[in-house]
Amino acid sequence: MAGNRVLWLLSDGASGHWSQSQGIADALAAAEPVEIQRIDLTVRSTFWKRLGRLSLPWIRNSRWWLAKVYNIRLPASAPSLVISSGGNTLLANALLARLFNAPNVYSGTPKGYDASAYRVIFTVVSQKLSNNCILPLPPVPQAISSVPDIASDATPCVAVLIGGDGAGYRYTAADWRNLAQWLVALAASREARILLTTSRRTGAAAEAMLQAELPVDLLADAVWWSQDPRPVVRSFLQRATSVVVTEDSLTMIAESIYSRREVLTWAPEQIAPNTNDAQALANYAADGLIFRGHMGADMNLLARDANMVHCPDVPAMIRAALHPHLNLGEL
């Protein structure tokens, strides 16, 4: 194929969804020249989107449906491949593939859409579909999966990535106090300091409880998102010898696993993750990619060599899955 392969990446504005699309694009970019074009979209009619999901197998006028459902502006050049993640992009992904007679891939569960409208559907839990490629981890950008190895003389640090209510997880004041006490015990067992960041979902009240419970001299650095937000996850992972992540964010968990550090997850008392998320967490634990910590966990079980943590070669798996389905040439 002459020239760069043109990849259309659809974005619904959610960073976690964009991360997965970028991860697929970067997996291809590692093997051949590509041109990435980002296409931002918003849903203008949820009614027509729902109707489009039901009607997808019979839709012929893709351009009409795109205009009816979305606010979207298309690039001048046609796509070689359409890529997306996130439920709001599913219909647009299928319609654009039809409109331009281009192959397409989606990362995530199909959410009731006609699975045959996509060449490959990447998930971390089996969907029992013929075009489903099951990955051990969701795709992430190459910049996230290339965190340097831990220096042999590095000062022990535990990176702590904190989310909040969502995805079936609900935190109480007691949960935040228990988490802080667990972190103090963990840091003591590792003779380490803490690099902590909260997030948009944590909230000022939870941050205040954590600040009250965590000794200031234990914190090597801390970002309290409601007070002074800073994007520090990548830099914290580079400095960390271990990582603690709250279980409400599978994106943060996956990014932590890619760092090849020891990853410990923590959950509050009230949890009700959906079946897919619960199975993904169970798979990560069974594969030795995470240790699911909790109050009262035996700290001796957590003493593993962070340099020996295994991380599967997900980009190679993505390229292997795309090769036969999408006629991508020699990858």
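The values are calculated or read from the model by the stated rules, or taken from the named source; none is laboratory data. Not measured: the values here are computed from a predicted model. Note that we place each Cβ from the backbone using ideal geometry, even for glycine, and neighbour counts take in every protein chain shown. Ligands, DNA and RNA are excluded from the accessible area calculation, which covers all protein heavy atoms including side chains. Shrake-Rupley method; radii C 1.70, N 1.55, O 1.52, S 1.80 Å.
Could you check how many residues of the stretch 1-30 are buried (at least 17 other Cβ atoms within 10 Å of the Cβ) and part of a loop (DSSP other than H, G, I, E, B)?
Of the residues in that region, 1 qualify.
Could we say that Asn132 is on the phi < 0 side of the Ramachandran plot and without any contact (Cβ under 8 Å) to a residue 60 or more places away in the chain here?
yes
Are any of the residues in the stretch 219-228 open to solvent by 40 Å² or more (accessible area, probe 1.4 Å) and out of contact with any Lys or Arg (no Cβ under 9 Å at 6 or more places or on another chain)?
yes
Have a look at Gly203, Gly168, Gly163, Gly108 and point out the one that is surrounded by 14 or more Cβ atoms within 10 Å (Cβ to Cβ), free of Cβ contacts under 8 Å to residues at least 40 places away in the same chain and not hydrophobic (A, V, I, L, M, F, W, C).
On the way: Gly168 fails: free of Cβ contacts under 8 Å to residues at least 40 places away in the same chain; Gly163 fails: free of Cβ contacts under 8 Å to residues at least 40 places away in the same chain; Gly108 fails: free of Cβ contacts under 8 Å to residues at least 40 places away in the same chain.
That would be Gly203, the only listed residue that is surrounded by 14 or more Cβ atoms within 10 Å (Cβ to Cβ), free of Cβ contacts under 8 Å to residues at least 40 places away in the same chain and not hydrophobic (A, V, I, L, M, F, W, C).
Collect the residues in the stretch 308-331 that are modelled with pLDDT of 85 or more and outside any helix (DSSP H, G or I), keeping them in residue-number order. Break it down into steps so the answer makes sense when it comes.
Initially, the stretch 308-331 is screened for residues modelled with pLDDT of 85 or more, giving 312-323.
Those that are modelled with pLDDT of 85 or more and outside any helix (DSSP H, G or I): Pro312, Asp313.
Restricting to the stretch 113-146, and then to whatever is among the small types (Gly, Ala, Ser) and in contact with a helix residue (DSSP H, G or I) (Cβ under 6 Å, 6 or more places away or on another chain), can you tell me which residue is most open to solvent (accessible area, probe 1.4 Å)?
Ser145
Only one residue in Leu51, Leu56 is open to solvent by 10 Å² or more (accessible area, probe 1.4 Å), over 23 Å from the mean Cα position of the chain (by Cα) and not aromatic (Phe, Trp, Tyr). Which one?
Only one candidate passes the filter, namely Leu51.
Here is a list of conditions, (1) among the small types (Gly, Ala, Ser); (2) open to solvent by less than 50 Å² (accessible area, probe 1.4 Å); (3) within 24 Å of the chain's Cα centre (by Cα); (4) closer than 22 Å to Trp58 by Cβ, and Ala102 meets all of them except one; can you say which number that is?
(3)
Can you tell me which residues in the stretch 263-295 are assigned to a loop (DSSP other than H, G, I, E, B) and open to solvent by 50 Å² or more (accessible area, probe 1.4 Å)?
Glu269, Ala272, Asn274, Asp287, His294, Met295
Please identify the pairs in which a residue from the stretch 35-63 that is under 18 Å from Val82 (Cα atoms) has its Cβ atom under 7 Å from the Cβ atom of a residue that is modelled with pLDDT under 95 and open to solvent by 70 Å² or more (accessible area, probe 1.4 Å), counting only partners at least 6 apart or on another chain.
Glu35/Asn4
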